[in-house]
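Chemist: The structure under discussion is supplied below as structure tokens; questions concerning it will follow.
The values are calculated or read from the model by the stated rules, or taken from the named source; none is laboratory data. Owing to the predicted nature of the structure, the values given are computational and were not obtained by experimental measurement. Here the Cβ positions follow ideal geometry from the backbone for every residue, glycine too, while neighbour counts run over all protein chains shown. Side chains included, ligands, DNA and RNA excluded: accessible areas come from the protein's heavy atoms. Shrake-Rupley method; radii C 1.70, N 1.55, O 1.52, S 1.80 Å.
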Amino acid sequence: MLKVTSTPKAPAAIGPYSQAIEFNNFLFTSGQVPLDPATGEVVGTNITEQAEQVMKNLGAILEANGLDYSAAVKTTCFLAEMSDFAAFNEVYGKYFTGKPARSCVAVKSLPKNVLCEVEVIAAK
């Protein structure tokens with residue numbers, strides 16, 4: 001059975017998707033961008049500020065499911081500019097200390113022209 005996550009501590013879904021879905025003891029988050037959950041506005045103007053907000057949003061979704069960053073088994077990271085890779089890694093590494101498997105790619109553009117987006121698969 002699927003369990004849908006909906007927490008006010010992370011940005012609400014703005015389309016036909018959920019913040020996360022639990023299935024067979026795994027949690028699959030939707031990609032999180034640096035939006036303030038209260039206002040829906042983009043937080044930060046550089047990769048460091050935006051990555052911090054993305055991590056906070058992911059943390060809220062994990063927490064709503066009784067998890068933390070250590071439960072992550074796989075992440076997928078999307079960057080608007082690969083030149084931001086090192087600065088993004090500095091922020092990412094503070095949160096994902098268990099070093100889950102990861103893919104990180106540069107994309108042409110992201111919603112609201114943000115600089116990064118991250119999704120997580122976590123084990124319950």
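Chemist: Of all residues in the range 3-30, which are open to solvent by 50 Å² or more (accessible area, probe 1.4 Å), in a loop (DSSP other than H, G, I, E, B) and not hydrophobic (A, V, I, L, M, F, W, C)?
Modeler: Listed by number, the residues that qualify are 6, 8, 9, 16, 17, 24, 25.
Chemist: Right, next: Restricting the search to the range 67-91, which residues are in contact (Cβ under 8 Å) with a residue 24 or more places away in the chain, surrounded by fewer than 17 Cβ atoms within 10 Å (Cβ to Cβ) and assigned to a loop (DSSP other than H, G, I, E, B)?
Modeler: 81
Chemist: If you don't mind, there's one more thing I want to ask. Looking at residue 40, is it assigned to a loop (DSSP other than H, G, I, E, B), open to solvent by 60 Å² or more (accessible area, probe 1.4 Å) and within 16 Å of residue 10 (Cα to Cα)?
Modeler: no
Chemist: I'd like to verify a number: residues in the range 97-124 that are open to solvent by less than 50 Å² (accessible area, probe 1.4 Å) and either of a type in the set (A, V, I, L, M) or touching a residue at least 60 places away in the same chain (Cβ under 8 Å) (or both), how many?
Modeler: Residues in the range 97-124 being open to solvent by less than 50 Å² (accessible area, probe 1.4 Å) and either of a type in the set (A, V, I, L, M) or touching a residue at least 60 places away in the same chain (Cβ under 8 Å) (or both): 10 in total.
Chemist: When you look at residue 94, is it assigned to a loop (DSSP other than H, G, I, E, B), of a type in the set (Lys, Arg) and either open to solvent by 40 Å² or more (accessible area, probe 1.4 Å) or touching a Gly at 6+ places or on another chain (Cβ under 6 Å) (or both), yes or no?
Modeler: no
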